Every structure is written in structure tokens, then in C-alpha cells.
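These notes are about the structure you will find just below.
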Amino acid sequence: MKPLLPRGVSREAAMLGIRLLVCSIAVLFIVSSVSRDAVNALLPAFALILELVADDFKVLRFGFVNERGNESLVLMALLKQTLFFDTKLVLPDGRTMLMAGVTLGTVLLPLQVVLAASLAWPGSWRELLLRLGVALVLVAGVLLVDTPLTLAAWLWDGQLRAHAPDQRSFLVWWSTFLTGGGRLSLSIAAAATAIVLGRCLSEILLKREPQSDRS
Amino acid sequence: MSERSHNLPQLRSFAYRAVAFVLVFAALQTCWELARGSRIETLWVNDITVRTASALINLITPGVEANARGARIVAAGGGLNVKFGCEGTDVMFLLCAAFVVFRSTARARIRGLLLGLVLVFVLNQVRIAGLFYAFRLDKSIFNLMHASGAPLIMATLTGVYFFIWSRRAESAARLEGAPTPGVPL
């Protein structure tokens, strides 16, 4: 009888593949349906980071916009302080509105990747719970260095293009890195770390349990 | 799944590899950024990616008559602009980074990587065609797929391929009596 799986593909790998795909699709739809609430919960943390990295700008509005069915997180700001470039001085005029936006799907992509991988990876219930706990901490870190810095970079990028196109900015490089797949790379690294640490913590707890409790 | 004991050296090795994975990806992506506007970008995006995607769309639905115009797929009823992040290089670089940090023989890694890159290219063509049809049929599906659905599924399928390859590499190493890659996953 012909084997069901292609040569070289173990049952373990096939099961994981199916679990990953199912969890990815499930997480995609679940997170998308609560995307606004999820991002709303993150807004205070995002606003705090923005205050730190975009302190040359005054935030007028930081909230949701729905444009033709596409829900986005939008930042509207004014230049607050004088900017000094090599040969230029840019004074705030109090009128020129600057805008930056990112779709909710993009904001929550790291959460979806980390959740999908954490849920799909096989292991005991204890390991799953520990893995999810670690995953949520790690993905929070990724989210905090993603969206607020991306939005701040958009504001800076506009100023650099207008007044100092030859000048480089780490913030703009970081935003380009994130948009070009860096978001995925950080999410995958966070997911793998959650899986490894979840297993490690589970083994530590198992070793600490009295022998009689384990049976 | 077989049980693996985690000790400090293994965890440390994993930590180094996780950081190296992100750094290698960042280096590859930075190199790609430096090639922006050059013939390399035009060749990859306009000639290879967009033309192939247009041909695929015309193969599936000949009546659409999609045309490749630079980085755009143009068709009556709505087309698509293959912009930064949609040309497939992001997942290709992720796969390259994974193969760089995974311990195995150079020959096995090269073979696995080449096959993987072909897979990613095919997946990206399917992504572009899928987004093309989604845009024409239902903008809400397009928005969902474009922002998170397509990247998530592409990363998942590529990850599954890498997992299958890594398990095969481990089995082959064990059969040959060579040290097995020490990634504790």
C-alpha cells in the first residue's frame, strides 16, 4: 500500500504542519474580529512610547480611522519644537499637519504569529499554559517596538525627505526593517523562544513536583 | 515528539541562534534596500515576480487579460501594485536566515535552501494572484489578506517546510553518527 505521506515527511512533521495551518487560520479570524478592542487596549502603552521617541511632535489625534472598510490606527501631529538639520532650521508653524497610519492587521501581525505557533506546538497542558504566558510577554515587547516606532518613523521620514534627504535616521531604518519582514523575524524569534522556555519551565516544575504527585 | 532535556549550554546556543536569525535577516534586508532603484530590483520585481504573476492570473482566468506594467498588474476591473513587502523577498530572507543559523552540513543546507526558495517563490505568486482576485471581488477580504492573512500563511507554510527539512537533517545526521543540530525545539 502506498504511504499516505510523501517520502521523507514524518507523521510528526505532517501533524505539526496541519496544526500550524489550522491555528494560523483560526487565530487570523479570531484576532481580526477583536482587532479594534485588542489595539484599543494597547493604545496607552503605544502613546507612552510615542511620547518618548517623538517628543519633537505634538500629538493631536491618536486613534482609529475606517477608510473604505479598512480600519487603521492613525496619528496626527504638529511639529512642536525647532528641528536642527545640518544646514537648516525648521521652525514649527503650528499649522502643518503631519499624518502617519498603519492598518490594524499590520499592528496585530506579531500577536497572530506568536499565538498561532504557541497554540500549535505540541506539548502537555502545563507546557501550553507556560508557553502562552511567556509568549504574551515576548509579543508585548515586539508590539511596543513595532507600531509606535513605525508611526514615529513616518513623522520623521516626512521631515527628512523635505529638509535633509541625505540624512540617515535609525528610526526610519527600523521602520523599513519592520515593514520589509523584520516584524515577522521578531515574531518568529519570539515564538521560538516561547516554545523553548515553555518546555524548559515545564521540565523545571515537573522536577520540583514530589514523586507521588507525578503519577 | 521525543523528549529533549534542556540544559544551560543548549539554551544559550538557542539564544545566540535566535539573535543571529534576526541579525542575519536584518543584514540581508539592508542589502536589498541598498539595491532599491537598481536593475536588480527591476529584474526581480518587474520581470520575474510581476510578469509571472500576470501569466498565472491569465492561466487561471484567461478572460481577465492581466498585463504586467512595471511593478503593476493591470486589468480591466481592478489591478494590483506589487509594492515593498509584497515581492516575496521578506520570506526568502527569513528562510535564508533560518538556514544560516541551523547547524547542518553545507551541502544539505544549500540543497534545502534552494528548494525552499523555489517554494517561497511559488507561494508568493499564489499570494499575489490571491490578492488580485480578492481586490476585485471583496475589498474587506483583500484588506484582511493583505495586512496579516497572506504574511501569516506564507510564514506558516515556509516554517512547516523548514521544520520538515530540519527533522530530516537531524535523522540523516543521526544515521551518519554525526552530532545532531542542537536547537532544542
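What follows is calculated from the coordinates using simple rules that are stated; it is not laboratory data. Given the structure is predicted, the values throughout are model-derived calculations rather than measurements. Here the Cβ is made from the backbone with ideal geometry for all residues, glycine too, and neighbour counts use every protein chain on show.
Assorted remarks:
- Rotationally averaged projected area of chain A (alpha carbon convex hull; nm²): 18.2 nm²
- Modelled spin-label separation between residue B:34 and residue A:129, with each label point placed 7 Å from Cα along the Cα-to-Cβ direction: 5.1 nm.
- Since only A:178, A:198, A:158 are under comparison, the one whose Cα sits farthest along the positive direction of the charge dipole of the stretch A:140-215, derived from C-beta charges on Lys, Arg, Asp and Glu, is A:198.
- Screening chain A for whole DSSP H helices of 27 Å or more along their axis (Cα) with average Kyte-Doolittle hydropathy at least 1.0 returns A:11-33, A:183-208.
- Per residue, the protein assembly as shown reaches -21500 deg cm²/dmol at 222 nm when only DSSP H runs of four or more residues are counted, each adding -39500 (n - 2.57).
- Taking amide H positions as modeled 1.01 Å from N, with prolines and chain starts lacking one, the residues under 5 Å from residue B:69 and 5 or more places away or on another chain are B:74.
- In percent, rounded to a whole number, the relative contact order of the stretch A:106-192 is 44, using alpha-carbon pairs under 8 Å and six or more apart.
- Extension gain, residue A:163 to residue A:203, is 8.8 nm, computed as 0.36 nm per intervening residue step minus the present C-alpha separation.
- Signed unit charges on C-beta, dipole axis of chain B, positive-most listed residue B:75, B:93, B:46: B:93
- Converting phi to 3J(HN,Hα) with the Karplus coefficients 6.51, -1.76 and 1.60 and the offset θ = phi - 60°, the stretch B:118-126 yields 5, 4, 5, 4, 5, 4, 5, 5, 5 Hz in sequence order, with x at every glycine or proline.
- Helix B:51-60 and the longest principal axis of the C-alpha atoms of chain B enclose an angle of approximately 70°.
- Unit charges on C-beta of K, R, D, E only; dipole of the protein assembly as shown, Debye: 980 debye
- Residues considered: A:80, A:58, A:88. Largest GNM mean-square fluctuation over chain A, using C-alpha springs under 10 Å, is found at A:88.
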